[in-house]
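The values are calculated or read from the model by the stated rules, or taken from the named source; none is laboratory data. Keep in mind that this is a model prediction, so the values were computed, not measured. Here the Cβ is made from the backbone with ideal geometry for all residues, glycine too, and neighbour counts use every protein chain on show. The protein model used for the area step is the full one, side chains on, heavy atoms only, and it has no ligands, DNA or RNA in it. Shrake-Rupley method; radii C 1.70, N 1.55, O 1.52, S 1.80 Å.
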Amino acid sequence: MFLEEAADFLLSLPIKARNKVQYNITVAQHENDSELFKKLTDNIWEFRTRYNGMAYRLFAFWDSETRSMVIATHGLIKKTQKTPSKEIQRAEAIMKAYYEQRKQD
């Protein structure tokens, strides 16, 4: 499942890069490969895609209520080796808002 920011990020990518990201997500659903799906914190993970010399990242978390659904929060084109802590914090804030919204529904 893609939250709005993640969907917008994917739509902003060139079609071939978007297809590669979506392909890697499909592969990660069937294989445990830390090159494709890596745990960053207790709650935040990242889908990792390298295409045409660019590093694309989608941040995600597991829905603890369904225990199976991965929720993609947002994405970025990574320019440095280290994942920016502000992006992890952003993913955590989006996750918190997601759970707050679910409580209201």
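Observations on the model:
- Reference-scaled alpha-carbon Rg (2.2 N^0.38 Å with N residues) for the range 3-48: 1.20
- Surface accessible to a 1.4 Å probe, T41 within the full protein complex, Å²: 40
- With K and R counted +1 and D and E -1, the other residues having a Cβ less than 12 Å from that of K20 yield a net charge of +4.
- Carbon plus sulfur fraction of accessible area for the range 1-67, probe 1.4 Å, in percent: 48
- Of the residues L3, L11, the one with the largest accessible area comes first in the ranking L11, L3, computed with a 1.4 Å probe on protein heavy atoms.
- For Y51, nonlocal amide neighbours, meaning residues 5 or more places apart or on other chains whose placed amide H falls under 5 Å from its own, are Y56.
- Rg [Å, one decimal], Dmax [Å, integer] - the chain, C-alpha atoms: 13.3, 43
- Computed with a 1.4 Å probe over protein heavy atoms only, the accessible area of D8 comes to about 90 Å².
- Radius of gyration and maximum dimension Dmax of the range 22-65, Cα, Å: 10.7, 37
- For the chain, the solvent-accessible area works out to 66 Å² per residue, with a probe of 1.4 Å and every protein chain left in place.
- Accessible area (Å², 1.4 Å probe, nearest 10) - R102: 80
- Checking the cross-link pairs K16/K78; K20/K96; K20/K82; K20/K103; K20/K86; K16/K82 against a 27 Å limit on the alpha carbon distance flags K20/K96; K20/K103 as lying beyond it.
- Label point distance in nm, D8-K82, each placed 7 Å from Cα along Cα→Cβ: 2.8
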